[in-house]
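Let me begin by presenting the structure, written as structure tokens, before commenting on it.
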Amino acid sequence: MVTGASSGIGQVIAIECAKMGANIIATGRNEERLNETLNQLEGSGHQMIIADMSVQEDINALVEQCPVLDGLVHNAGTAVGKPASYVKLEDLQYVYQTNVYGVALLTKGLLRKKKMAKGSSIVFNSSISTYISAAGWSVYASSKAAINAYMRTCALELGTKGIRCNSVVPGMVETDIINSLFFTDEGNQSSMDQYPLGRYGKPADIAYGIIYLLSDASTWVTGTELVIDGGRMLK
Ligand SMILES: NC(=O)c1ccc[n+]([C@@H]2O[C@H](COP(=O)([O-])OP(=O)(O)OC[C@H]3O[C@@H](n4cnc5c(N)ncnc54)[C@H](OP(=O)(O)O)[C@@H]3O)[C@@H](O)[C@H]2O)c1
């Protein structure tokens, strides 16, 4: 299951996992874009389930409808950018409901209904904003830090069930999000100059790391954060 599979990184995770032979459950809110994802998946047996991760009833219905899973990618995410002194309760609720509460409640629902198979893998999509601060992103960065802490605790609790939990920690990835971040080309370029490998990530760069964490190649890996950032954290 890939949450937020209707665009950006999530869509490419679904496409690349299907290439590896996975049966995908693609979920998100936008039916039209989820259909676009479904149409690009190799193989058969894929399914889409519309669900809003900020709505408990949708999460319950998603859990009910899905089969027992071998892999889960918590990818759905949203952001609000504004200085800390302007952050309102509504901003916190908006971001945390999807990025934190939705992740915890979906995980809980799947576990309680025994929908995570023994030997399955849960991957959380975090962000280097957890480690590299950028003015205006306190709400988003703190939500992604919360996910890493949540992931580690789940890894501890679920180890005896043979369920692994890990995060990917991406640097800036070329999706629609980037267009909304920079007002000028110069601003974009000076940000890109901070990347030793000379470019932002592509969604597939993140998908390949997630495939590793989902696959049996990582059967002795749990509770870790895999940084995929073109070297950005070195600066
Ligand atoms: N792009 C980057 O530079 C970057 C870097 C680090 C981490 N990330 C993380 O990567 C993940 C994907 O981001 P992206 O860059 O691919 O952005 P994106 O193209 O905007 O994708 C966000 C996805 O999340 C889904 N989503 C948002 N709110 C939702 C909700 N309440 N319920 C269900 N689905 C919801 C959206 O689906 P619908 O519109 O269909 O609901 C969409 O498929 C996010 O968690 C983001 O924080 C991105």
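Since every read-out is calculated from the coordinates, none of them should be taken as a lab result. Keep in mind that what you see is a predicted model, and the values were worked out from it rather than measured. Ideal geometry is used to build each Cβ from the backbone, glycine not excepted, and the neighbour counts take in all protein chains shown.
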Problem set entry | Model label zone, residue 65; criterion: amide N under 19 Å from point 7 Å along Cα-to-beta-carbon; scope the range 43-58 | 44-58
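Quick check on the exposure proxy: order 200, 101 from fewest to most C-beta atoms within 10 angstrom. Walk me through the numbers on the way to the answer.
Working: 200 20, 101 17.
The most exposed by this proxy come first: 101, 200.
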Exercise. For the pair residue 235 and residue 178, how long in nm is the line joining their label points, each one 7 Å along Cα→Cβ?
Worked result: 1.4 nm
Exercise. Where is the GNM fluctuation largest for the chain (alpha-carbon springs, 10 angstrom cutoff): 47, 65, 11?
Worked result: 65
Seminar exercise, completed: In deg cm²/dmol, rounded to the nearest 500, the helical mean residue ellipticity at 222 nm of the chain, built from -39500 (n - 2.57) for every DSSP H run of length 4 or more, is -12000 deg cm²/dmol
For this session: Determine which residues of the range 1-16 fall in the zone a paramagnetic label at residue 215 would reach in this model, i.e. backbone nitrogen under 16 Å from the point 7 Å along Cα→Cβ.
Result: 13-16
Seminar exercise, completed: Measuring from its Cα centre, the range 120-201 shows a charge dipole (+1 at each Lys and Arg Cβ, -1 at each Asp and Glu Cβ) which, in debye to the nearest 20, is 540 debye
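Exposure proxy check: 224, 3 ranked by fewest other beta carbons within 10 Å?
In increasing order of surrounding Cβ atoms, one gets 224, 3.
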Exercise. FRET efficiency for residue 31 and residue 197, Cβ-Cβ distance as r, R0 = 25 Å, nearest 0.05?
Worked result: 0.10
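Rounded, prolate or oblate, given the Cα gyration tensor of the range 2-234, with a/c below 1.5 counting as rounded? Show your work: numbers first, answer last.
Details: a/c = 1.45, a/b = 1.37, b/c = 1.06.
Because its axes are fairly even, with a/c under 1.5, the range 2-234 counts as rounded.
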Problem set entry | In Hz, Karplus ³J(HN,Hα) per residue of the range 133-145 (6.51, -1.76, 1.60; θ = phi - 60°; x = Gly, Pro) | 7, 10, 4, x, 10, 4, 5, 4, 4, 5, 5, 6, 5
Seminar exercise, completed: If one builds a Gaussian network model of the chain from Cα atoms under 10 Å apart, the most fluctuating residue listed among 109, 162, 45 is 45
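Just add up the charged neighbours of residue 33: K/R +1, D/E -1, any other residue whose Cβ is under 15 Å from the Cβ of residue 33. Working shown, then result.
Working: positive: 29; negative: 31, 32, 36, 52, 176.
Summing Lys/Arg as +1 and Asp/Glu as -1 gives -4.
Determine, from the Cβ-Cβ distance of residue 88 and residue 112 and an R0 of 45 Å, the FRET efficiency 1/(1 + (r/R0)^6), rounded to the nearest 0.05. Please list the in-between numbers first.
Details: r = 33 Å, r/R0 = 0.73.
Computed FRET efficiency for residue 88 and residue 112: 0.85.
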Problem set entry | Residues 227, 221 arranged by fewest to most Cβ contacts within 10 Å | 221, 227
